[in-house]
Amino acid sequence: MTETRFASELLLLLEAQTGICDEMISLAQREQQALTRVSPGHLPAILAAQSACTERLARNQAHLEATLRNGSEVTDDADGSPSALASVLAHVPPEVRARLTTLRDGLEERAYTLAVLNAQNALLVRSGLLQIDQAAATLAHALGETRSYGAAGAARIPTMDNTITLDRQV
């Protein structure tokens, strides 16, 4: 693999990864809107699209890792280590290094944004579940039923993280 081909392939893969991350951010924002507007009917399509993005990201990452391993062939150091990659990147044109730096910075920003959105969405889901559980408790109390059993009669067991297992099967 030549330095030029390696650099081109690396740029294409990182740009594709950036695009997939942008799509994941958009989907996470749509998920948040569906959760806050109580529009659960939109969630299955959003979750399916998120799953497809995750699969594409995993395939892209596998190609990226293979490209990085193969890039060490450009130099005499063919072990695929970070030092081998650094020696390969030392030979690429400055404009390619600048573009790689920009892509890296962009990916780091997107990773942070996705982490924040995912944490916010998880909090919205937990909050919704808590509200539903409280409504069920109120209804059970009004009906004179005990809250220690689920609908099928199986014990409801609190867990360490304050979630409740319904109809636990062993």
Pairs returned, first residue in the stretch 50-68 that is under 30 Å from THR2 (Cβ atoms), second residue that is modelled with pLDDT of 95 or more and among the β-branched types (Val, Ile, Thr), beta-carbon separation under 8 angstrom, 6 or more apart or interchain, are ARG56/ILE20; LEU57/ILE20; ASN60/ILE20
Within the stretch 35-60, residues over 16 Å from LEU123 (Cα atoms) and not in a helix (DSSP H, G or I) come out as SER39
Output the number of the condition that THR101 fails; it satisfies all remaining conditions of (1) at pLDDT 80 or above; (2) in contact with an Asp or Glu (Cβ under 9 Å, 6 or more places away or on another chain). (2)
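Would you check if VAL88 is under 22 Å from MET24 (Cβ atoms) and modelled with pLDDT under 95?
no
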Where the second residue is among the small types (Gly, Ala, Ser) and the first is part of a helix (DSSP H, G or I) and lies in the stretch 103-129, which pairs have Cβ atoms under 8 Å and are six or more apart or on separate chains? LEU114/ALA28; LEU117/ALA28; ASN118/ALA28; ASN121/ALA28
Is it true that GLU73 is modelled with pLDDT of 95 or more and either surrounded by 18 or more Cβ atoms within 10 Å (Cβ to Cβ) or not aliphatic (A, V, I, L, M) (or both)? no
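The values are calculated or read from the model by the stated rules, or taken from the named source; none is laboratory data. Every value quoted in this text rests on a predicted model; they were computed, and no experiment measured them. Heads up, the Cβs are rebuilt from the backbone with ideal geometry, glycines too, and the neighbour counts pull from every protein chain shown.
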